[in-house]
Each structure stands twice: as structure tokens, then as C-alpha cells.
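Engineer: Here you go, one structure.
Every number in this text was worked out from the coordinates using simple rules, so none of it is lab data. Just so it is clear, the structure is predicted and the values come from calculations on it, not from any experiment. Neighbour counts run over all protein chains shown; Cβ positions are idealised from the backbone, glycine included.
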Amino acid sequence: MRFEEFGLKAISLAAAVLLVAACETAPEESADTSGQGGAQQQTTSTQSTTSTSPTVSSTPTPAGPTPGSYEDFVENVGDRVFYDFDKFDLKPQSRATIERWAAWLKQYPDVTVTVEGHADERGTREYNLALGERRATSARNYLIALGINPDRIATISYGKERPGCVAHNEACWSQNRRGVAVVN
Amino acid sequence: MILDRSLTRNPVWRLRLLALIVLLVPMAGGPARAALEIDITQGNVDPLPIAVPEFFNPGGASAQTGRDISGVITNNLERSGLFRPLNPASFIQKPESMQVQPRFADWRILNAQALVTGKVELQPDGRLRVEFRLWDVLAGEQMTGLVYFTTPGNWRRIAHIISDAIYKRLTGEEGYFDTRVVYIAESGPADRRVKRLAIMDQDGAGHRFLTDGGHLVLTPRFSPTRQEITYLSYIAEKPRVYLYNIDTGKQEVLGDFPGMTFAPRFSPDGNRVIMSLARNGNSDVYVMDLRTRQIRQLTKHPSIDTSPCYSPDGSRIVFNSDRGGSQQLYVMNADGSGVQRISFGDGRYATPVWSPRGDLIAFTKISKGRFFIGVMRADGSGERLLAESFLVEGPTWSPNGRVLMFFRQEPGDDQGNGGRTRLWSVDLTGYNDREIMTPIDASDPAWSPLSPLNR
């Protein structure tokens, strides 16, 4: 039996290490904590004022959120607009909503907003990021056209990463193709 | 170097590896003629029966090492779809006696066509010596044989390198077992998904998380030349392209842009990152030189231009754009000139990735409400679809260009429960569609290049 050695070859490999992720932890409170929009969020205190019980002697305090607050915006203005599939142009109803955004922002000139752009799950991730950016920007541009200072309006795209509705059907997808104004 | 035995449980990547590779010439007779071959262009029609008995361990090395190494090799070969490893319970000849010479009759009776024998020994200097030989059972000849010296903690890596040597000897092509996969690990409810950067060996071993889930991360890609990843992170709620150094754990944002940067990929020489940058809502393709940090705009069009990827020679770029009305694939020169559409089939085309061989482009296709993974030639001809589902997306090539990995989402119920998103791989031939095991849900896989030692 022969047992020879050919072709000695020595190679060293640099170590590749890491266990600890050096992440700057970013709070996520801003992202998608936006409400469900419009009239869906009735507060219980509002409902209680409809009671006619004679034992209620004190004058009811005005119900609802503080004027100028994010809650006020979500409940009384409506925080979102919707887009057609693979589209970013504003439909008439969306324009009306954004006009209400503009009026509210003029009423509360110290408030700034971030417009989130979202897409449904029926596209690829990177394309949907681009589409979400377009949607957010179309809403922002209309606000600017309505006289809102551009410095008050930021945009961010979440693509298909933050669906508002999680079922896998067109009813949900149409809810997820949205622009959401988040009051900072 | 100091040998730290506590590291033996950890991935071999942690250690400085010093491996001597010694070619073993045949024990009997002259060099083998290549009678035994696998044609991998035909698909997985008839996997090759192969026997991989546990490596003989005469003592010194930890008792399990011989069995562990043959186990990793067996698993690699089986998952490739090209081999059918035989059940060790059927083996007649014991590892010890094979150190002199296999009794080929004992292996022919099991219908083994190939046989892998091996031995592990701890050297006086503390290194592990691992040798293996690949035998053509019918011809009774050795096909190849190699010896490796390494730190004991590196046994798993050596098992992958041996797997690659076997694959290469029998198929004529480079293997892909000594590689890693970086991907996005997912958990939590569908509307508030927690996503973490994670890395593992291609067989799922050595898994670890690189980020803690405190911010959204997406679309990691391996550097072809360094231990680096480029990916998208929402740190401070600003979606930007980052560079992550696997050796040091350090990450840095690439550039200082007012708008979103996304869809990054390295150039083939590792010196540039190509990506999309959104300006006033419009996404175009840009390239950044990592040495000078100079940025150059490559597309200038009022449509979405994204998911760019270089050809392996760096001369061209494929990307997707909706400039023609719907999402399609386009190829241009590396300087942005000569844009040409290449996809003309039904539906939308996205996430093009050029094959390491240069001849094919893999893509995601969306047609009639279904998602597909497919390949086409670089001129757009010869489209073939390899996988179909409710959602499959994001193909990445094995470094030898023979296997595609991607992710597949199985939808949950209307409350968002019960869904499942996992990594899958499929041969270029369309055979051998199988799940890649991950501890939790997984998406956005990116295959590493073959490790430098293995080249």
C-alpha cells in the first residue's frame, strides 16, 4: 500500500465572529399605532352622556379627546386615505380627507405629521417599499399644495410590512393600500 | 493561538482556522478513472446510492466526533437531492477494518455506488486530524482522498468541506455546503411583525440572531469578498441601507440621504453597493463606492426603479421597473446606459438576481394572483418556473449556481393566526423543492459565497 502526500496547501482563515448585535434600539412608538380611523373609535364616555338618568345632576364634561391631539385627529378628521391596486394617485374621497387634514393642521399650527405609505401583500417587498413611498409622497404633496409648510410633513414607507388588516382577501388588501397621517 | 475548548459548541466561524489540506493518493492501484459521475444538468431523477459510515475514531478525539462528521456529510448529500445515503444499520463492514481497505463486496451487496471512509484523530499538538476517502464501489477504486488539520471545534466546518469535495468529485462542479445563509427571522402577530437579522450555516447549524428585533430589518445580502452584510434597517424610524460587519458586530449607515435608501446589493468585487434611493417619492437606482463613499445615479426615470443586481462580471445590471406600465425586468450597462426590457411574459416580474454563472436571471413573478420563482436567460428567453405558491419571493443563488433558495408564505386565517413563512430551496432543474429548517419563521434569505478556505 502506498501512502503518499501530494500538494501540501496551507490556508488560514480569518475569524468571523459575533454574537452581540450592536443595535441602537429604536423605540417603535410612532409607527403604526394609528387608530382605526374615523368614527370607529367611539368613547364610552360619549355614549354615557346619552343617558337620561335623572340622578345625573352635574353638567357632563365635554366628551372626546383634547382638541389638537392625535386622538382628536383620528376621531374627528380621519387619519387615512386609500389607494387602488398598484396606484398612488389620490381618489376624490382621499382628496376630501386630505383637505380636512390641511384644515386641521392650519387650526393647530404647532403640530407636525408623518405620512405613512403602505401597500398590500400582493407585491414584492422592495417594490412595495417604493410604492409606499410614492403613496405617502402623493398625500404630502397635496398637503403642500393646500398650503401646509413642507417642514411639517414627513413621510415614511412601510411597504407591506405593517398591514392594518391581516386577512388574505381583497377586502383586507384594499384597507392596507393606505396612507396614514400620524400626528407627532 | 490558544485553543479554547469552550468554543467547541460554537460555530467554527468564531475560530481562526488553520487547516492543512493533504491529498491522499489511492491506497490501492493507480489514480482512479472517473467511471462514477453525476450529471446534475438532468435533474434529480435517480439519486446516487452512497454509504457514509461513521468516521473511525481510534481515540483522542471526542467520542462523538467521528459519528458527527459522517452525520453532517450524510445530511448535506441527502438534502442536495443528488445522493441517496444508505441506512448505516445495514452496513456490514465496520469503520475500523476499512482503514486498511474497504471490502467492496460488502458495499456492492448494499447497492452502494459510492463509499466515503474517514478517520479522526487528535494530534499531540492538540489539533484534530480528519481524513476521508471517496471510493467508486463498482470499480473498487479510490476517487479522491484528503486530510485536514484543524482545531477540534472546527469539525463541523471540515465536514462541510469534505461534503464539497465529494460533490465536486462526483458532479464536476464546485459544491455549496461550506456556506452560510443570512436571513430575516420573523415572529409576532402579522400586523406587528418582529424581524431580526439572523445567520446560520446552510444546513441550519450555528444559528444566531444578529439584531434584537427593536427595529424593523429587511433584505440582507452577503458581501462576495468580506464578512459583511448590507441590509435595510428602520433604526430611528428612518429606513436606510446599512453595512454590518459580521466579525465585529459593528454597523454603519451608508450615506446621508434625506429620503429612504433600500434594495441594496454588493457589486461582484465587493467594493460597491447598488441600491434604490427615493427622492420626492420617486425611486431610482444609485451606486455607492464603499472606498470613496461617492454616489452615482444610474437611472433617472419617473417610475419605480428598484431591486438592482449586477451581472457576475460587473458589466451589467438587472433591475425591475414599472416604466412600461407594470413591473418588468430591465437590463442596462453598469454606467446606466443601454436600458433594455427583457421580461415579456404574462404578469409582473420582480427581484431579479443574476446567476453566479452569468447565464441566467432568477426572479419573482406575480401572475393571476399567484407568485412564482423562475429563471430566464439574461436576454429574457427560455423562461422556466420552478416554484409556485400563494406567496414565494426573493430568490438567492447557491454559489455554484445550481440551487435557488427563497421564502414561501402559507397564509393564516382571517385573524392572522396559523400562517407560516419559511425558507425553501429548489434545484435549478425544478426538482428537490424542500424546506430549510429555521427555529422560527424566516424570509429574505441570502446565500453567502463559498468560504475562502474552500476555494
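Engineer: Quick one: length gained pulling B:I92 to B:Q340 fully straight, 0.36 nm per residue minus the C-alpha distance? Present the calculation step by step, with values, prior to reporting the outcome.
Structural biologist: On the way: separation 248, 0.36 × 248 = 89.28 nm, distance 6.10 nm.
That works out to 83.2 nm of additional length.
Engineer: Tell me which trypsin sites (Lys or Arg not before Pro) from segment B:280-316 have a DSSP coil assignment and no more than 16 other beta carbons within 10 Å of their own. Before the final figure, lay out the partial values.
Structural biologist: On the way: sites: B:R291, B:R293, B:R296, B:K300, B:R316; in loops: B:R291, B:R293, B:K300.
Hits after loop and neighbour filter: B:R291, B:R293, B:K300.
Engineer: While we're here: How big is the shadow of the Cα convex hull of chain B, averaged over all directions, in nm²?
Structural biologist: Numbers: hull surface 94.4 nm².
So the mean shadow area of the Cα hull is 23.6 nm².
Engineer: Which order results if B:S311, B:S276, B:S267, B:S80 are arranged by neighbouring Cβ count within 10 Å, fewest first?
Structural biologist: Values: B:S311 18, B:S276 29, B:S267 21, B:S80 25.
Ascending Cβ contact count within 10 Å gives the list B:S311, B:S267, B:S80, B:S276.
Engineer: Please work out the Cα center distance from segment B:156-208 to segment B:103-135, rounded to the nearest Å.
Structural biologist: Each part reduced to its Cα centre gives a spacing of 25 Å.
Engineer: Given a Förster radius of 41 Å and the C-beta distance between B:S367 and B:Q415 as r, what FRET efficiency does 1/(1 + (r/R0)^6) yield to the nearest 0.05?
Structural biologist: Details: r = 28 Å, r/R0 = 0.69.
That pair, B:S367 with B:Q415, gives E of 0.90.
Engineer: Let me ask something else. Can you give the calculated 222 nm mean residue ellipticity of chain B, where each DSSP H run of n ≥ 4 adds -39,500 (n - 2.57) and the sum is split over every residue, rounded to the nearest 500 deg cm²/dmol?
Structural biologist: On the way: 3 runs with 37 residues, N = 455.
When only DSSP H runs of four or more count, the value is -2500 deg cm²/dmol.
Engineer: Across bins of 5 angstrom width beginning at 0, how are the C-alpha pair distances of segment B:170-267 distributed, in whole percent?
Structural biologist: 2, 12, 21, 23, 18, 11, 6, 3, 2, 1, 0
Engineer: Rounding to the nearest 10 and keeping the result within 0 to 90°, find how far the Cα-based axis of helix B:155-171 lies from the longest principal axis of chain B.
Structural biologist: Relative to chain B, helix B:155-171 is tipped by roughly 90 degrees.
Engineer: If I model segment B:310-455 as equal point scatterers sitting on the Cα atoms and use the Debye formula, what is log10 I(q)/I(0) at q = 0.20 Å⁻¹?
Structural biologist: -1.23
Engineer: Where the centre of each part is set by its Cα atoms, how far does segment B:236-282 sit from segment B:346-375, in angstrom?
Structural biologist: 23
Engineer: Using each residue's phi in segment B:353-365, evaluate 6.51 cos²θ - 1.76 cosθ + 1.60 at θ = phi - 60° and report the 3J(HN,Hα) Karplus result to the nearest Hz, with x for Gly and Pro.
Structural biologist: 9, 6, 5, x, 7, x, 8, 10, 10, 8, 7, 9, 10
Engineer: Taking loop as defined by DSSP and a crowding limit of 13 other beta carbons within 10 Å, which trypsin sites (Lys or Arg not before Pro) in segment B:160-235 fit?
Structural biologist: For trypsin sites (Lys or Arg not before Pro) across segment B:160-235 that sit outside H, G, I, E and B with at most 13 neighbouring Cβ atoms in 10 Å, the list is empty.
Engineer: Whose amide H sits under 5 Å from the amide H of B:R279, counting only residues 5 or more places off or on another chain, with H placed in the peptide plane?
Structural biologist: Answer set, sorted by chain and number: B:D284.
Engineer: Amide H of A:A154 versus every other amide H placed in the peptide plane: which residues, excluding those fewer than 5 positions away on the same chain, fall under 5 Å?
Structural biologist: Residues meeting the criterion, in which the H sits 1.01 Å from N, are A:V113, A:T114, A:V115.
Engineer: Go through B:G270, B:F104, B:V426 and say which Cα lies farthest out towards the positive end of the charge dipole of chain B; charges sit on Cβ, +1 for Lys and Arg, -1 for Asp and Glu.
Structural biologist: It is B:G270, whose Cα lies furthest towards the positive end.
Engineer: May I pose another question? Got a sec? How would B:Y310, A:Y70 order by Cβ neighbour count within 10 Å, fewest to most?
Structural biologist: On the way: B:Y310 22, A:Y70 19.
The fewest-first ordering by Cβ neighbours comes to A:Y70, B:Y310.
Engineer: P(r) for segment A:88-161: what percent of alpha-carbon pairs falls in each 10 Å bin, starting at zero?
Structural biologist: Values per bin, smallest distances first: 21, 47, 26, 6.
Engineer: Mind listing the phi-derived Karplus ³J(HN,Hα) values for segment B:280-297, rounded to whole Hz, using 6.51, -1.76 and 1.60 with θ = phi - 60°, and x for any glycine or proline?
Structural biologist: Taking θ as phi minus 60°, the curve returns 6, x, 9, 9, 10, 8, 10, 10, 10, 7, 5, 7, 9, 6, 6, 10, 9, 7 Hz for segment B:280-297.
Engineer: List B:V273, B:V100, B:V287 from most exposed to least, where exposure is judged by having the fewest other Cβ atoms within 10 Å.
Structural biologist: On the way: B:V273 24, B:V100 10, B:V287 20.
Exposure proxy ranking, most exposed first: B:V100, B:V287, B:V273.
Engineer: Rg and Dmax of segment B:266-318 over Cα atoms: what are they, in angstrom?
Structural biologist: Rg, Dmax (Cα atoms, Å): 11.1, 33.
Engineer: Can you list the HN-Hα couplings for segment A:103-119, worked out from phi with the Karplus curve (6.51, -1.76, 1.60; θ = phi - 60°), rounded to whole Hz and with x for Gly and Pro?
Structural biologist: Once rounded to whole Hz, the list reads 4, 5, 5, 6, 5, 10, x, 8, 7, 10, 10, 10, 8, 8, x, 10, 10.
Engineer: Quote the charge dipole size of segment A:88-161 about the Cα centre in Debye, to the nearest 20; the model charges only the Cβ of Lys and Arg (+1) and of Asp and Glu (-1).
Structural biologist: Numbers: 11 positive and 10 negative charges, 45 e Å.
In total the dipole reaches around 220 debye.
Engineer: Further, regarding this structure: Between the DSSP loop rule and a limit of at most 14 other Cβ atoms within 10 Å, which trypsin sites (Lys or Arg not before Pro) in segment A:72-167 are left?
Structural biologist: Values: sites: A:R80, A:K87, A:R95, A:R100, A:K106, A:R122, A:R125, A:R134, A:R135, A:R140, A:R152, A:K160; in loops: A:K87, A:R122, A:K160.
When the trypsin sites (Lys or Arg not before Pro) of segment A:72-167 are filtered for loop state and at most 14 Cβ neighbours within 10 Å, A:K87 remain.
Engineer: Just give me a number: lysine pairs in chain B, eight or more positions apart or cross-chain, with C-alpha atoms less than 19 Å apart.
Structural biologist: On the way: B:K94/B:K119; B:K195/B:K238; B:K195/B:K250; B:K238/B:K250.
Close lysine pairs found across chain B: 4.
Engineer: Taking the 0 to 90 degree range and rounding to the nearest ten, how far is the long axis of helix B:65-79 tilted relative to the main principal axis of chain B, both from C-alpha atoms?
Structural biologist: In chain B, helix B:65-79 runs at an angle near 50 degrees to the longest axis.
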